[in-house]
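To start, the structure itself, in structure tokens.
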Ligand code: DC
């Protein structure tokens, strides 16, 4: 039987990390965890309940009211994010959540809450997890760490096409601003900022399609399994 490993995929917003992580997990029959969805669900709860991001006590209390779980959705082949037993997979992708999630993800109490759950999910390995701090903080001993990057203009274009399919009124400028804003907060925050782990392999997919990057990452994984 082949060895089960942990694959950590980190990188900037809209680099295609989740698509790659999901494809690898499917190919290897591993569990796929989109940790960004967890921060988005927490942000959604905070926004719905008007939690003041500067009030540590309110934040601690709110976290005790939040139950997160993933549930496989056979129609998409992906696990949906549930917040207190409500499927929030669509709601967490809305722009009003995207515009606030980086502030929520920068809070130490929120990170402790999410990271503990992520570590428990990976305890028996056989997992592909994507995020910003997976190779540096969540699983510093992951066997394979991939740091994904792409040119910002390409990332904007990809994200814009994805969002415009659902909302034709969306502007490319707003998508570009949101990406730049999130990248800045994610990489400059005090707690677990986005950075490349020293032992991560870089995957720049600016000029690659999904199949090409999948093949490359699969080769890296197979060499370790
Ligand atoms: O990957 P995403 O765009 O869905 O992530 C949403 C936000 O959560 C993003 O601003 C960065 C943050 N995040 C994080 O801080 N740590 C993670 N492991 C995953 C996401």
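What follows is calculated from the coordinates using simple rules that are stated; it is not laboratory data. Keep in mind that what you see is a predicted model, and the values were worked out from it rather than measured. We place every Cβ from the backbone using ideal geometry, glycine too, and count neighbours over all the protein chains shown.
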- Output ordering of 196-205, 5-14, 94-103 (per-residue mean of other Cβ within 10 Å, highest first) is 5-14, 94-103, 196-205
- Task: Given the peptides 47-57, 170-180, arrange them by the average over their residues of other C-beta atoms within 10 Å, most packed first.
- Result: 170-180, 47-57
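Direction-averaged shadow area of the convex hull around the Cα atoms of the chain, nm²?
About 12.3 nm², averaged over all directions.
Would you mind calculating the gained length between residue 54 and residue 223 on full extension (0.36 nm times residue separation, minus the Cα-Cα distance), in nm to one decimal? Let's see the in-between values first.
Details: separation 169, 0.36 × 169 = 60.84 nm, distance 4.59 nm.
Difference between extended and current length: 56.2 nm.
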- Could you order peptides 58-67, 142-151 by the average number of other Cβ atoms within 10 Å of their residues, highest first? 142-151, 58-67
- Message: Considering the Cα positions of the range 78-169, please state its Rg to one decimal place and its Dmax as a whole number of Å.
- Response: 15.5, 44
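According to the square roots a ≥ b ≥ c of the eigenvalues of the Cα gyration tensor, what is the shape class of the range 140-225, taking rounded for a/c under 1.5, prolate for a/b larger than b/c otherwise, and oblate for the remainder? Kindly include the intermediate steps, with their values, before the conclusion.
Numbers: a/c = 2.92, a/b = 1.43, b/c = 2.04.
Oblate, because a/c is 1.5 or more while a/b does not exceed b/c.
Go ahead and estimate [θ] at 222 nm for the chain from helices alone: -39,500 (n - 2.57) per DSSP H run with n ≥ 4, summed, over the residue count, rounded to 500. Don't skip to the end; give the middle numbers.
Working: 8 runs with 103 residues, N = 225.
Here the helix-only value at 222 nm equals -14500 deg cm²/dmol.
Please arrange 167, 186 by counting, for each residue, the other beta carbons lying within 10 Å of its beta carbon, fewest first. Provide the component values of the computation, followed by the final result.
On the way: 167 9, 186 21.
Result, fewest neighbours first: 167, 186.
Tell me, in nm to one decimal, what length is gained between residue 157 and residue 198 on full extension, where the rule is 0.36 nm per residue of separation less the Cα-Cα distance?
Numbers: separation 41, 0.36 × 41 = 14.76 nm, distance 2.94 nm.
This chain segment gains 11.8 nm when fully extended.
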- Task: Pull out a ≥ b ≥ c, the square roots of the eigenvalues of the alpha-carbon gyration tensor of the range 39-87, then state rounded if a/c is under 1.5, prolate if not and a/b is larger than b/c, and oblate in the remaining case.
- Result: prolate
